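Structure first, commentary second.
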Amino acid sequence: MGISRRTLLGAAGTLPLLTRGLTAPAVAQTPPNAAISTEIPPILFAHGNGDHAALWITTLWRMESNGVPRERLAAINFTDPLARSDDSVLQENRSSTADQRRELAEAIRDLKQRTGASRVALVGNSRGGYPIRNLVRNGGAADVSHAVLCGVPNHGVFDWDDNPGSEFNGRGPFLRELNAGESEVTPGTAFLTLRSDGMDKYAQADGRFVGKPGVATNVSSDGPALKGATNLVLGTLDHREVAFHPRAFREIYRFITGREPSRIEIAPEPEVRLSGLVTATPGGIQTNRPVGGAGVEVYRVSPDSGERIGGPIYSAQTGADGRWGPAKVDPSWPVEMVLTSPGSPITHFYRSPFPRSSDIVHLRAGRALGPADAGAGSVVILTRPRGYFGLPRDIVLLDGKEPTDVKAGVPTDSVATLRLPAGEVGRPVVTMFNQERIVARAWPAQENRIVMAELTY
């Protein structure tokens, strides 16, 4: 069944006016009186290619704000989140479809044991939908009540004879097996797909986003839809927003629970505790392998200048498990997190206030400084993990200007870089994305430091 909600988000100019930021000052609020316990299945969230569990943090907060107990929610960290170039060929620090399916099955088993539930609901973004479909189709349906696939390239990012071993090739063995038959879903598990109306860079007819401009991908914007599923179109949301945007949350919640959420905004907690995992990037490859001996410091900073207020709230080194925390913060405080990870630049993360506690505030060191950074006094990166920058769809300002390295049209860029001269080291740098505003400080690149203004919303 195909159900279009195009009119709700059809005009690009309306998006900044929606509840994208939800960054009002934090005040203690009472969550719904009737907490949901066994009415709905526990929910396990699966991230996409190269990502980690932390991308689901706002979705988890919204679930909690609607009465879903924290202990019935989980987000998997795939050990090696990047796909192999050829699914059948071993590649260091990358995973096969079989690896992902195995790790997902383990996470399902753990969540069932923890909650006593007979079945769980699964929600996946992008590549995270592949192990969900693979597991459900190949013997796991009895464990899965709902499967929600957000921006998943179910018919491939491309469909052609080149690179037949890629799991993203609609003509390859992996997707041909998943899509075989009259129905593309498995009986007994309820399937929902969420997709964009033409703004998903991995559901495009032209191959320019996969390095072949002018070559037909043989995939269209309805590529994420599945025969036999409930298929919804969420207007001009991008590849990641169809998972992490408030509009996506509403559809995920409604499909799994059978009712509308009581609130979309996140209900702040009076006391917030943050913890997470420090992960490695060997040779620049994103992994979720733990880093021991990494230093983590957390500071309260001024919302106007990014300057530290007092000494560190938290300061410690990770053990072999790579875990850090907990750091106790106020839900109204913007924070700076400083990661000193062996073999990587010292990374200064500037973040908006955390309204609720989380144990998936995962940290990866910023990229190595390269030739393009030569001569820069400071390198400041604005990053949006839960979506892309869309121009002219969004308001995107870095140090008061629209970034020149963000392309207009279909949103494809999730980072923007500012390089400041040596004479401007130490000054505040104001970043803005629609309703979310972060003020960072320009730390010196000559000390092998890099600055990340990381958007939450």
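The values are calculated or read from the model by the stated rules, or taken from the named source; none is laboratory data. Every value quoted in this text rests on a predicted model; they were computed, and no experiment measured them. Here Cβ is always computed from backbone atoms with ideal geometry, including for glycine, and neighbour counts include all displayed protein chains.
Things worth noting here:
- Here the condition is being aliphatic (A, V, I, L, M), more than 15 Å from Leu175 (Cα to Cα) and surrounded by 19 or more Cβ atoms within 10 Å (Cβ to Cβ); of Val152, Val120, Val136, it holds for Val120 alone.
Conditions (1) touching a strand residue (DSSP E or B) at 6+ places or on another chain (Cβ under 9 Å); (2) in the same structural domain as His245 (by TED's automatic domain parsing); (3) modelled with pLDDT of 95 or more, marked per residue:
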{"site": "Ala28", "(1), (2), (3)": "no, yes, no"}
{"site": "Ala35", "(1), (2), (3)": "no, yes, no"}
{"site": "Pro42", "(1), (2), (3)": "yes, yes, yes"}
{"site": "Glu64", "(1), (2), (3)": "yes, yes, yes"}
{"site": "Asn77", "(1), (2), (3)": "yes, yes, yes"}
{"site": "Leu82", "(1), (2), (3)": "yes, yes, yes"}
{"site": "Ala98", "(1), (2), (3)": "no, yes, yes"}
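- Unique match (being outside any loop (DSSP other than H, G, I, E, B), surrounded by fewer than 20 Cβ atoms within 10 Å (Cβ to Cβ) and modelled with pLDDT of 95 or more) among Arg171, Arg176: Arg176
- The C-beta contact set for the stretch 427-452 (first residue farther than 15 Å from Ser352 by Cβ and surrounded by fewer than 19 Cβ atoms within 10 Å (Cβ to Cβ), second residue of a type outside the set (A, V, I, L, M) and at pLDDT 95 or above, distance under 7 angstrom, 6+ apart or interchain) comprises Pro428/Ser305; Pro428/Gly306; Pro428/Arg441; Pro444/Gly377; Pro444/Ser378; Asn448/Pro345.
- Filter result for His155 (under 20 Å from Asn49 (Cβ atoms), in contact (Cβ under 8 Å) with a residue 60 or more places away in the chain, assigned by TED's automatic domain parsing to the domain that holds Leu82 and not in a helix (DSSP H, G or I)): yes
- Conditions (1) among the acidic types (Asp, Glu); (2) in the same structural domain as Asp197 (by TED's automatic domain parsing); (3) in a loop (DSSP other than H, G, I, E, B); number of the one not met by Glu251: (3)
- Residue check, Arg195 of a type in the set (D, E, K, R) and surrounded by 22 or more Cβ atoms within 10 Å (Cβ to Cβ): yes
- Taking the listed residues Gly366, Gly310, Gly276, Gly322, the one that is farther than 19 Å from Asp51 by Cα and either surrounded by 15 or more Cβ atoms within 10 Å (Cβ to Cβ) or without any contact (Cβ under 8 Å) to a residue 24 or more places away in the chain (or both) is Gly310, with no other qualifying.
- Answer residue from the stretch 99-117, given it is polar (S, T, N, Q) and surrounded by 17 or more Cβ atoms within 10 Å (Cβ to Cβ) and is nearest to Phe78 (Cα to Cα) among those: Gln100
- Every pair of residues 6+ apart whose Cβ atoms lie under 9 Å, when the first sits in the stretch 95-115 and is under 30 Å from Pro173 (Cα atoms) while the second is part of a helix (DSSP H, G or I) and among the acidic types (Asp, Glu): Ser95/Glu103; Ala105/Asp143; Ile108/Asp143; Arg109/Asp143
- Within the stretch 112-133, being within 21 Å of the chain's Cα centre (by Cα) and assigned to a helix (DSSP H, G or I) holds for Ser126, Arg127, Gly128, Gly129, Tyr130, Pro131, Ile132, Arg133.
- The stretch 378-414: number of residues that are closer than 20 Å to Phe244 by Cα and of a type in the set (Lys, Arg): 3
- Glu241 at pLDDT 95 or above, surrounded by 17 or more Cβ atoms within 10 Å (Cβ to Cβ) and under 30 Å from Gly322 (Cα atoms): yes
- Residue check, Leu237 under 24 Å from Phe168 (Cα atoms) and either assigned to a helix (DSSP H, G or I) or in contact with a strand residue (DSSP E or B) (Cβ under 6 Å, 6 or more places away or on another chain) (or both): no
- Ala142 surrounded by fewer than 17 Cβ atoms within 10 Å (Cβ to Cβ) and among the aliphatic types (A, V, I, L, M): yes
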